[in-house]
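Participant: Here it is: the structure, laid out below.
The values are calculated or read from the model by the stated rules, or taken from the named source; none is laboratory data. The shown structure was predicted, so the numbers you read here are calculated from the model rather than taken from an experiment. Cβ: placed from backbone, ideal geometry, glycine included. Neighbour counts: every protein chain shown.
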Ligand code: NAI
């Protein structure tokens, strides 16, 4: 049988962790023939709760679960890890400014970036879920870079939830099945400024934009609905989206590791300068994945409206980058 893959999950005692861990252990992320070892990181005060989650993992008797460790030490959690899901983050507290949120998270992601840079498997695939996820991924990447072991491109951020939310809205509007929809892009930051671009989407060969034939719907309903979906779920559920976030994390890593079969998926990845995105910024773009690698979809036409929307989400990311620049110096 296969050698177990080491999977680190941070924020393991949290809501997303509770949806995520069981699906990883059951083989939904890396395949039904791939054993996994879970390396769970959370804060010291959450260790008791992590123990409870481990008791439940044991009680599932997952055949693929080859081991579990729990720790509050990032250097232990990221040791030799092959896949790292960085879910734990500092939430915005009462009276906390955006700048404080960025700074508090920058502290967490410099520590974790350094641990990954020194101790992870050099081919580790990193997905940052904890918000602000694009900038947190940027910070972890910039910190890990100093150790020269892990490629910068291995640090990614989660735009897949936005991608899946957009797919579902498009399916409902067009009357086509989610499964039939191809070639969606979500550009930019995982925030309400993200730009879900439906111009290239097809369903069984038909262009979905033409099928919907309602540009006002795109601007006034679709984009605001997808952009504010997180807030709508908090409003309805009294808690933030966790199961759908965990599901998107599974999709992101599964496609990265096992391939997207030629289809486009959205990943937040460090820019190579294409589409006018400054190099190094972690930005949602369309990729095709195969053999454990992603490849950007190049050369898409950017019309005036799209250019405007991409500039808006880029501006936000550049501000976030400027906000943490002193911490990375
Ligand atoms: P939660 O508050 O239920 O759990 C967070 C967990 O992280 C807690 O157990 C906490 O103790 C832990 N934690 C905090 N700082 C840590 C550190 N330095 N090291 C290790 N663990 C740490 O939050 P939930 O609902 O699980 O969400 C986690 C994050 O995911 C949040 O930042 C949230 O905004 C983000 N999120 C991102 C989405 C995306 O699409 N990118 C979608 C939904 C949520």
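Participant: Taking the conditions exactly as written (crowded, with 18+ Cβ neighbours inside 10 Å and in contact with a strand residue (DSSP E or B) (Cβ under 6 Å, 6 or more places away or on another chain)), does residue 190 satisfy them or not? Spell out the reasoning first.
Facilitator: On the way: crowded, with 18+ Cβ neighbours inside 10 Å: yes; in contact with a strand residue (DSSP E or B) (Cβ under 6 Å, 6 or more places away or on another chain): no.
No.
Participant: Which one of the conditions (1) assigned to a helix (DSSP H, G or I); (2) touching a strand residue (DSSP E or B) at 6+ places or on another chain (Cβ under 9 Å); (3) over 30 Å from residue 36 (Cβ atoms); (4) within 16 Å of the ligand (Cβ to nearest atom) does residue 255 fail to meet, given that it meets all the rest?
Facilitator: Going through (1) assigned to a helix (DSSP H, G or I); (2) touching a strand residue (DSSP E or B) at 6+ places or on another chain (Cβ under 9 Å); (3) over 30 Å from residue 36 (Cβ atoms); (4) within 16 Å of the ligand (Cβ to nearest atom) one by one, residue 255 breaks only (3).
Participant: Taking the conditions exactly as written (within 12 Å of the ligand (Cβ to nearest atom) and in contact with a helix residue (DSSP H, G or I) (Cβ under 9 Å, 6 or more places away or on another chain)), does residue 31 satisfy them or not? I'd like the intermediate steps shown before the answer.
Facilitator: Numbers: within 12 Å of the ligand (Cβ to nearest atom): no; in contact with a helix residue (DSSP H, G or I) (Cβ under 9 Å, 6 or more places away or on another chain): yes.
Here the answer is no, as residue 31 does not meet what is asked.
Participant: On the given criteria, is residue 253 in contact with a helix residue (DSSP H, G or I) (Cβ under 7 Å, 6 or more places away or on another chain) and crowded, with 16+ Cβ neighbours inside 10 Å?
Facilitator: On the way: in contact with a helix residue (DSSP H, G or I) (Cβ under 7 Å, 6 or more places away or on another chain): no; crowded, with 16+ Cβ neighbours inside 10 Å: yes.
No.
Participant: Between residues in the stretch 133-155 that are farther than 12 Å from residue 268 by Cα and residues that are surrounded by fewer than 22 Cβ atoms within 10 Å (Cβ to Cβ) and modelled with pLDDT under 95, which pairs lie under 8 Å by C-beta distance while being six or more apart or on different chains?
Facilitator: Once the first residue is farther than 12 Å from residue 268 by Cα and sits in the stretch 133-155, its partners that are surrounded by fewer than 22 Cβ atoms within 10 Å (Cβ to Cβ) and modelled with pLDDT under 95 give 139/327; 139/328; 142/328; 143/328.
Participant: Give 280, 284 a once-over and let me know the one that is part of a strand (DSSP E or B), at pLDDT 95 or above and within 25 Å of residue 101 (Cα to Cα). Write out each step before concluding.
Facilitator: On the way: 280 fails: part of a strand (DSSP E or B).
It is 284.
Participant: Going residue by residue through the stretch 229-249, is there one that turns out to be more than 16 Å from the ligand (Cβ to nearest atom) and in a helix (DSSP H, G or I)?
Facilitator: The answer is no; no qualifying residue exists.
Participant: Right, something else. Consider residue 101 carefully, then state whether it is surrounded by 17 or more Cβ atoms within 10 Å (Cβ to Cβ) and either without any contact (Cβ under 8 Å) to a residue 12 or more places away in the chain or in contact with a helix residue (DSSP H, G or I) (Cβ under 8 Å, 6 or more places away or on another chain) (or both).
Facilitator: no
Participant: Would you say residue 211 is in contact with a helix residue (DSSP H, G or I) (Cβ under 8 Å, 6 or more places away or on another chain) and surrounded by 15 or more Cβ atoms within 10 Å (Cβ to Cβ)?
Facilitator: Yes, satisfied.
Participant: Condition check: under 25 Å from residue 172 (Cα atoms), at pLDDT below 95 and over 14 Å from the mean Cα position of the chain (by Cα). Does residue 231 satisfy that? Even if it seems obvious, please write down each step before you answer.
Facilitator: Numbers: under 25 Å from residue 172 (Cα atoms): yes; at pLDDT below 95: yes; over 14 Å from the mean Cα position of the chain (by Cα): yes.
When the stated conditions are applied, residue 231 passes them.
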